[in-house]
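Below you'll find the structure, written out as structure tokens, and then a few comments.
The values are calculated or read from the model by the stated rules, or taken from the named source; none is laboratory data. Note that the coordinates shown come from a computational prediction; the quantities given were computed from them, not determined experimentally. Quick reminder, even Gly has a Cβ in these numbers, built from the backbone with ideal geometry, and neighbours come from all protein chains shown. When the accessible area is computed, the model is the full protein with side chains, heavy atoms only, and any ligands, DNA or RNA have been set aside. Shrake-Rupley method; radii C 1.70, N 1.55, O 1.52, S 1.80 Å.
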Amino acid sequence: MNEILSRYCPRIDFESYEDFFANYKCNVPDNFNFAYDVVDEWARLYPDKLALTRTDDNGEVQSWSFSQIKYESDKAANALINIGIVKGDVVMLILKQRPEVWILMVALEKIGAVCIPATFQLTQKDIVYRCNIAQVKMLISVDDDELLENIISASKECSGLMHKGVVGKKVPQGFIDIQKAITKADASFTRPSGEADTKINEPMLIYFSSGTTGMPKMILHNHTLPLGHIVTAKYWQCVEDNKVHLTQTDSGWAKFAWGKIYGQWICGAAIGVYDTDKFTPLGILKALSKIKPYSFCAPATVFRYLMKEDLSGYDFSYISHTSVAGEPLSPEVFHKIKEKTGLEIREGFGQSETSVMAATFKWLPIKPGSMGKPAPLFGLSLLDENDQPCDDGIVGNISITTAGNNIYSQKPPMPSESVIPKVPINFQSTKQIPEGNLDFQSRRQIPEGNLDFQSRRQIPEGNLDFQSQRQIPGIFIGYWKEIEITKKSWYDGIYHTGDMAWRDSDGYYWFIGRNDDVIKCSGYRIGPFEVESALMEHPSILECAVTAAPDPMRGQIVKATIVLAQGFIPSEELKKELQNHVKRVTAPYKYPRIVEFVNELPKTISGKIQRNVIRGKDLS
């Protein structure tokens with residue numbers, strides 16, 4: 001019996017998907033804190049239990065036990081407090097996959113500070129935007145020259161940024177040497193009590209959205225998120241106690257929360273780490289052979305590149321379970337990977353806003369191209385434009401119907417927004433607090449950027465109520481500072497993801513695309529993923545994006561933007577061959593009337609294809 005997992009899941013083993021869906025439960029204690037209740041507990045129960053094993057492009061392998069993670073995170077918590085970080089402060093980490101990522105994330109949770117994991121690919125403009133809108137008090141990064149230059153330049157425009165730290169040998173003037181600060185700090189750290197301790201509904205983590213349709217939004221999570229990822233890790237990724245799990249992702253993405261810390265450590269698995277600046281098929285293959293993970297998860301892009309490689313000399317028998325998420329995996333890639341490696345890839349679906357919402361869970365037969373069936377607890381449903389459930393075969397908005405309240409929700413009727421002040425109000429005094437300060441309990445003014453979330457009474461709309469949240473773990477609590485955007489997607493207790501899918505007669509969900517991505521051509525609704533999957537079956541295709549292009553007669557027509565595989569050259573003959581190929585493998589009206597060959601697709605810094613950029617170019 002897993003001593004930690006059993007504390008939160010009354011029942012762990014299930015006989016079937018139906019049994020799992022109907023009977024899975026998760027206990028959510030009011031004072032749950034992942035750092036104390038999982039990391040420190042494993043260190044107490046089994047000090048030498050493996051927590052982390054890491055390799056990089058140099059091939060060196062290092063490992064850490066839970067007792068080492070506890071020791072270092074206690075020292076890091078003291079170091080941060082010595083610097084001036086307190087509960088409610090916002091701290092950004094740009095640390096790739098250095099071991100300090102785990103140490104500092106755990107330390108911040110012990111303090112009750114809010115962590116923003118960020119990617120090393122951020123530009124100066126990105127850093128300024130994130131620091132100012134999130135009121136970041138401290139930024140800690142690796143010692144990459146270009147990144148440090150961007151931070152130094154950006155910091156001049158970041159009014160609330162008080163401290164800059166660096167992990168590595170190069171420590172510029174004005175930066176704190178984080179490794180030295182941790183080394184010097186006291187190793188004794190005791191969990192705070194009273195108001196200084198964390199509560200389950202208080203903010204813990206902010207992820208910025210990928211920005212595929214506009215400026216990135218701040219996705220705010222509370223301390224229930226780690227418990228939500230039990231389903232992600234245990235029942236979809238199929239991690240095992242005392243086995244190594246490797247999810248390939250940078251620490252700046254929500255996939256890190258999905259696969260490299262929370263659910264895995266609750267389940268007792270060790271985290272496998274491949275720290276690299278740039279993905280290459282050979283690099284990941286070498287890393288796999290070094291770490292030999294029991295379970296492996298990666299974005300679809302990794303598998304698309306691997307299927308083009310000669311894999312005959314590699315042994316993958318140590319991998320017992322393989323999964324994919326982030327973008328849909330075409331059936332062609334599934335079959336090629338299975339043919340070359342013997343691995344069967346189980347797809348999962350979710351967002352940075354959630355834990356896994358649907359997946360081909362371990363009991364289910366795989367239907368290549370399908371995201372599987374709904375996870376328990378979320379009341380997942382496909383809803384039409386009137387919020388009515390869709391019948392099988394009808395495309396609907398993937399929605400969580402048990403979402404409950406978000407941070408802007410109100411129970412009794414309130415005055416219209418026109419009379420609501422634009423800044424939060426301190427209801428214990430007559431003075432207003434500067435925007436971003438959230439003190440709903442005392443008369444004192446707290447430092448800008450600090451979050452004080454102890455009040456449990458009803459708060460008028462427009463202010464943030466962190467204490468009236470539902471206890472279903474794994475759902476974000478709102479887009480911070482984006483009331484209207486939150487209300488547009490989350491109302492009447494339902495969170496509408498904006499992702500579209502249809503359900504077959506067996507209950508499997510099939511992804512269509514973002515609501516904005518669906519193509520409306522001559523009365524037909526065409527999902528880009530189906531056309532992309534058809535194109536991916538052709539050997540000439542490395543990557544592709546299908547979008548709507550304006551057309552005066554049909555309204556919209558299908559356009560395919562294509563990156564060719566090595567050895568293929570753009571031509572009119574190949575264009576016609578691809579169009580005829582799509583007509584053969586799917587409905588003829590779905591074929592791309594426009595085919596454009598490009599060297600690369602526009603992508604977000606998280607690697608997601610920006611179809612909106614392609615659409616915008618076609619409209620200009």
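If one computes the Cα centroid of the stretch 541-588 and of the stretch 1-53, what distance in Å separates the two points?
The two parts, judged by their Cα centres, are 47 Å apart.
For the stretch 58-138, state the semi-axes of the equivalent ellipsoid (square roots of 5 times the eigenvalues of the alpha-carbon gyration tensor), sorted largest first and rounded to whole angstrom.
Gyration-tensor ellipsoid for the stretch 58-138: 23, 19, 8 Å.
Based on the alpha-carbon set only, what is the convex hull volume of the stretch 470-612 divided per residue, in Å³?
180 Å³
With labels modelled as points extended 7 Å from the Cα through the Cβ direction, what inter-label distance (nm, one decimal) is found for Arg593 paired with Glu60?
Placing both labels 7 Å along Cα→Cβ, they lie 5.9 nm apart.
P(r) tail for the chain, what percent of Cα pairs lie past 40 Å?
Value for the chain (Cα pairs over 40 Å): 27 percent.
Might you list the cysteines of the chain that have no disulfide-compatible partner by the rule of another cysteine's Cβ under 4.7 Å?
Cys9, Cys26, Cys115, Cys238, Cys267, Cys297, Cys390, Cys521, Cys544
Quick one: Kirkwood hydrodynamic radius for the stretch 68-196, alpha-carbon pairs, angstrom, one decimal?
Computed over the stretch 68-196, the radius equals 14.6 Å.
If you roll a 1.4 angstrom probe over the protein chains with everything in place, what fraction of the accessible area of the chain belongs to carbon and sulfur, to the nearest %?
Roughly 50 percent, rounded to a whole number.
Hey, got the dipole for the stretch 1-146? About the Cα centre, +1 on K and R Cβ, -1 on D and E Cβ, debye to the nearest 20?
Its charge dipole is roughly 500 debye.
Where in the stretch 74-105 does the label zone of Lys184 land, with the point 7 angstrom along Cα→C-beta and an amide N cut-off under 18 Å?
The answer is 74-85, whose backbone nitrogens lie closer than 18 Å to the label point.
Which net charge results for the neighbourhood of Arg514, defined as the other residues with beta-carbon distances under 9 angstrom from its beta-carbon, given Lys and Arg at +1 and Asp and Glu at -1?
Around Arg514, the charge tally is -2.
Restricting the calculation to Cα positions, tell me the Rg (one decimal) and the Dmax (whole number) of the stretch 250-299 in Å.
11.2, 31
Write down the accessible area per residue of the chain in Å², having rolled a 1.4 Å probe over the full set of protein chains.
Per-residue accessible area for the chain comes out at 40 Å².
What number, in percent, do you get for the relative contact order of the chain if the mean sequence gap of Cα pairs under 8 Å and at least 6 apart is divided by its residue count?
Averaging sequence separation for qualifying contacts and normalising by length gives 12 percent for the chain.
Which aspartates and glutamates, on any chain, are close to Lys184 with Cα under 18 Å apart, when same-chain ones fewer than 8 places away are left out?
Glu72, Asp74, Glu100
How much of the pair distance distribution for the stretch 111-185 lies past 15 Å, counting alpha-carbon pairs only, in percent?
Of all Cα-Cα distances in the stretch 111-185, 52 percent exceed 15 Å.
Lysines near Lys340 by alpha-carbon distance under 19 Å, same-chain residues fewer than 8 away left out - which ones?
Lys286, Lys292, Lys308, Lys367
Hey, can you rank 472-481, 48-57 by average C-beta count inside 10 Å, highest first?
472-481, 48-57
Can you give me the convex hull volume of the Cα atoms of the stretch 164-240, divided per residue and expressed in Å³? Please list the in-between numbers first.
Working: hull volume 18.7 nm³, N = 77.
Hull volume normalised by residue count: 243 Å³.
Out of every Cα-Cα pair in the stretch 1-118, what percent are more than 22 Å apart? Could you put the intermediate results ahead of the total?
On the way: 3265 of 6903 pairs.
In whole percent, the long-distance tail amounts to 47.
For q values of 0.15, 0.25, 0.28 Å⁻¹, compute log₁₀ I(q)/I(0) with the Debye formula on a Cα-only model of the stretch 197-265, without solvent.
These q points yield log10 I(q)/I(0) values of -0.56, -1.12, -1.21.
Looking only at the chain, where both bridge partners belong to it, what percent of the DSSP beta bridges are antiparallel (to the nearest 5)? Before the final figure, lay out the partial values.
On the way: 49 of 89 bridges.
DSSP beta bridges in the chain are roughly 55 percent antiparallel.
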